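What follows draws every value from the coordinates through simple rules; no lab data is involved. None of these values were measured; they are calculated from a predicted model. Here the Cβ positions follow ideal geometry from the backbone for every residue, glycine too, while neighbour counts run over all protein chains shown.
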Amino acid sequence: MTNWFEDVAELTHKGQIKVPYTWSVGEVGSRFLVALRDQKRILGNRCGQCRTVFVPPRNRCGKCFGEIHEWIELGDEGIVTAHTIVRYNHPIQPTPTPFAYAIVKLDGADVGFIHIIKEDLGRLKNGVRVKARFSESRRGHILDIDSFTII
Ligand SMILES: [Zn+2]
């Protein structure tokens, strides 16, 4: 008795599936997103060992691996430290082009916060000061901050 693949070459085809899913953002992520949604506040947290302030907040320090328990409220303004302008529309992008992805060092934070800038792109450069603009309709999502605007 022979197996079929001994008589004929096995063919394969590549495919792609799209799988909707839901995942928990956990205690730290929930605290952060609920504060955005309900109070328009940007929360960070500070490592108990090396004192680094993270935003978005995290469970454990990415620098020294210390546990993080101290919550702090950050300002809604900061400085752009890096950016790139997106001009190619694609369904995966959060908003129609042109817009910019920017790393914003929020006042009081030690790490960059990645978000978007939609307007005034001609004035955008590293070092400009920006302010968070909150969405009118918030749902506990990173886009409860609609975008940052150049001050
Ligand atoms: Zn640390």
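Placing a label point 7 Å from the Cα of residue 49 along the Cα-to-Cβ line, the residues of the stretch 55-77 whose backbone N sits under 16 Å from it are 58-70. Full extension of the chain segment joining residue 3 with residue 25 gains 3.1 nm, where the gain is 0.36 nm per residue of separation less the Cα-Cα distance.
Does the stretch 15-150 classify as rounded, prolate or oblate by the C-alpha gyration tensor (a ≥ b ≥ c root eigenvalues; a/c under 1.5 gives rounded; else a/b over b/c gives prolate, otherwise oblate)?
oblate
Full extension of the chain between residue 81 and residue 119 yields a length gain of 12.0 nm, computed as 0.36 nm times the residue separation minus the alpha carbon distance.
Short-range pairs are left out: with C-alpha atoms under 8 Å and at least six residues apart, the relative contact order of the stretch 15-150 is 21 percent.
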